[in-house]
Every structure is written in structure tokens, then in C-alpha cells.
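The values are calculated or read from the model by the stated rules, or taken from the named source; none is laboratory data. Since the structure is predicted, the reported quantities are computational estimates derived from the model, not experimental observations. Every residue, glycine as well, gets a Cβ built from its backbone with ideal geometry; the counts of neighbours run over all protein chains shown. The protein model used for the area step is the full one, side chains on, heavy atoms only, and it has no ligands, DNA or RNA in it. Shrake-Rupley method; radii C 1.70, N 1.55, O 1.52, S 1.80 Å.
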Amino acid sequence: QVQLVESGGGLVQAGGSLRLSCAASGTIFSINAMGWYRQAPGKQRELVARITSVGSTNYADSVKARFTISRDNAKNTVYLLMDSLKPEDTAVYYCTADADRSGYWGQGTQVTVSS
């Protein structure tokens with residue numbers, strides 16, 4: 001089993017920055033892709049950013065040039081640096097990992113951007 005624990009959410013003013021972290025723990029043989037999804041109230045969960053084990057990335061159009069995903073394979077940790085935050089970025093952010101041929105989700109961390 002793999003556990004994902006997110007941290008770094010909170011309240012920030014529009015234009016500000018936050019950095020989310022997600023650490024994977026447990027019995028892990030290998031982690032392939034890791035990523036971040038978000039879900040705003042009344043909306044479907046959507047992909048924010050994803051990074052493969054070799055560092056290839058993709059982003060939702062709404063966050064390109066503002067968010068940066070990265071990972072530290074030695075620490076089984078993925079990060080999401082969010083700059084120029086907008087009120088519409090307000091959501092619960094979930095970490096995901098494809099590990100040992102299974103998918104895992106974190107419990108989510110709230111990000112609130114005030115105008």
C-alpha cells in the first residue's frame with residue numbers, strides 16, 4: 001500500500017503564491033507518474049499538472065505559465081509551485097501517484113485565493 005500526504009495549502013490573496021508538497025510512503029517498488037488534480041465546489045475534478053518518472057510534464061491550459069510541477073524521486077515527493085494565483089484557482093487539490101501498477105490519491109488540501 002502507498003500513502004500520499006499533501007501539505008502546503010492555505011489562504012492567499014490573488015497574485016500570491018503557494019507551494020504544495022505530496023510525499024508518498026509505504027511499501028513502494030516504483031512510482032511512475034505523479035500529479036495534481038483539483039476540485040472546486042460544484043465542479044468536476046480536473047487535472048492540473050502531471051509529471052512522469054523521467055520528468056516529462058503536462059499542464060491544464062488554465063495553469064500553464066503560472067504553475068510548475070516538479071518531483072524528487074529520491075524522496076518520492078511531488079511539488080506544485082503555484083504563482084499568480086487567481087480566485088478561480090480556489091479548490092481542493094489532490095495528489096495522485098501511479099505506483100506499482102495501481103493508482104493512489106491523497107486526502108486533499110484546500111487552496112483558497114481571495115480577491
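Annotations for the structure displayed:
- Residue count for region 18-27 under the criterion of being under 15 Å from MET82 (Cβ atoms) and open to solvent by 60 Å² or more (accessible area, probe 1.4 Å): the result is 1.
- Among the residues of region 28-40, at least one is within 18 Å of VAL92 (Cβ to Cβ) and surrounded by fewer than 17 Cβ atoms within 10 Å (Cβ to Cβ).
- Hits in region 7-36 (condition: closer than 20 Å to SER114 by Cα and among the hydroxyl-bearing types (Ser, Thr, Tyr)): SER7, SER17
- Against the conditions (1) surrounded by 13 or more Cβ atoms within 10 Å (Cβ to Cβ); (2) in contact (Cβ under 8 Å) with a residue 12 or more places away in the chain, ASN58 satisfies every one except (2).
- Candidate set: region 65-81, residues that are part of a helix (DSSP H, G or I) and of a type outside the set (D, E, K, R); chosen: the one surrounded by the fewest Cβ atoms within 10 Å (Cβ to Cβ): ALA74
- Tabulated pairs, region 1-17, first more than 16 Å from LEU80 (Cα to Cα) and modelled with pLDDT of 95 or more, second open to solvent by 60 Å² or more (accessible area, probe 1.4 Å) and of a type outside the set (S, T, N, Q), C-beta under 8 angstrom, 6+ apart or interchain: ALA14/LYS86
- Out of SER84, SER62, sole residue that is in contact with a Lys or Arg (Cβ under 7 Å, 6 or more places away or on another chain) and not in a strand (DSSP E or B): SER84
- Residue pairs meeting the criteria (Cβ under 7 Å; at least 6 apart or on separate chains; first assigned to a loop (DSSP other than H, G, I, E, B), in region 35-55; second open to solvent by 90 Å² or more (accessible area, probe 1.4 Å)): none
- Some residue of region 22-39 being more than 25 Å from VAL2 (Cα to Cα) and modelled with pLDDT under 95: no
- Across region 84-92, not a single residue is classified as open to solvent by 70 Å² or more (accessible area, probe 1.4 Å), at pLDDT 95 or above, under 15 Å from the mean Cα position of the chain (by Cα) and over 14 Å from GLY35 (Cβ atoms).
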